[in-house]
Amino acid sequence: MAITRIAQVSWILTVVLLLLTVNYGEAVWLTIPATGGTKCVSEEIQSNVVVLADYYIVDEHNPEHTPAVSSKVTSPYGNNLHHQENVTHGQFAFTTQEAGNYLACFWVDASLKLANPLTLGVDWKMGIAAKDWDSVAKKEKIEGVELQLRRLEGLVQAIRENINYIKDREAEMREVSEKTNSRVAWFSIMSLGVCVVVAGTQILYLKRYFHKKKLI
């Protein structure tokens with residue numbers, strides 16, 4: 001019994017550590033060339049997910065006169081979610097309305113003559129990582145282990161929703177693949193039928209031609 005209980009506790013600790021290692025936030029570093037250009041980062045997100053992001057210029061060569069950058073965030077259907085011009089630091093926040101790839105692009109005014117490339121940091125958080133747990137703790141008057149359990153509960157829910165989203169996408173892809181295979185099969189049959197008809201027509205034509213010329 002003692003060995004079984006120890007094994008159960010070890011399994012629970014393993015699951016908890018695994019959940020704690022799952023991260024729904026990420027830091028991305030982009031390098032914008034000195035000659036100008038646009039750098040973009042995309043993230044595939046399901047619907048009804050809160051997204052928070054901070055972006056900032058890191059200029060090690062000239063920290064006192066940091067060049068400004070412009071930004072634009074668009075949804076999978078091209079809707080403008082955020083647009084800001086000439087800033088060294090900015091934020092954007094939104095709740096996704098549809099599932100798909102959300103695109104954030106950054107660029108520097110082409111009129112600026114930069115001596116060195118710019119480094120842009122983007123702290124991208126979504127879902128459970130974007131939730132303000134300090135406010136939740138104060139509002140519901142919870143702390144310590146109870147707060148950690150609430151976070152784990154939210155994390156498990158987010159993982160389950162993500163798994164369901166992946167399953168739905170896999171089902172959609174399988175359906176598209178089956179339809180494509182069916183269409184290819186029918187196209188192959190039709191192509192074979194056309195080839196048979198054309199070959200038969202050529203044989204009949206040649207046969208009549210040779211009879212007419214009295215070659216056979």
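Residue check, Lys39 against (1) modelled with pLDDT of 85 or more; (2) not in a strand (DSSP E or B), all met but one. Which one?
Of the numbered conditions (1) modelled with pLDDT of 85 or more; (2) not in a strand (DSSP E or B), the odd one out for Lys39 is (2).
Please verify whether segment 50-71 includes one or more residues that are part of a strand (DSSP E or B), at pLDDT 60 or above and open to solvent by 70 Å² or more (accessible area, probe 1.4 Å).
Here is the first cut: in segment 50-71, the ones part of a strand (DSSP E or B) are 50-58, 69-71.
From what's left, at pLDDT 60 or above: 50-58, 69-71.
So of that shortlist, the ones also open to solvent by 70 Å² or more (accessible area, probe 1.4 Å) come out as none.
For segment 50-71, residues part of a strand (DSSP E or B), at pLDDT 60 or above and open to solvent by 70 Å² or more (accessible area, probe 1.4 Å): absent.
Among the residues of segment 75-90, which ones are open to solvent by 30 Å² or more (accessible area, probe 1.4 Å), of a type in the set (S, T, N, Q) and at negative phi?
Within segment 75-90, Asn79, Asn80, Gln84, Thr88 qualify.
Name the residues in segment 102-118 that are at pLDDT below 90 and in a strand (DSSP E or B), would you? Walk me through it before giving the result.
Let us first name the residues in segment 102-118 that are at pLDDT below 90, namely 107-118.
Trp107, Leu118, listed by residue number.
The values are calculated or read from the model by the stated rules, or taken from the named source; none is laboratory data. Because the structure is a prediction, the values reported are computed rather than measured. What goes into the accessible areas is simple: the full protein's heavy atoms, side chains included, and nothing from ligands, DNA or RNA. Shrake-Rupley method; radii C 1.70, N 1.55, O 1.52, S 1.80 Å.
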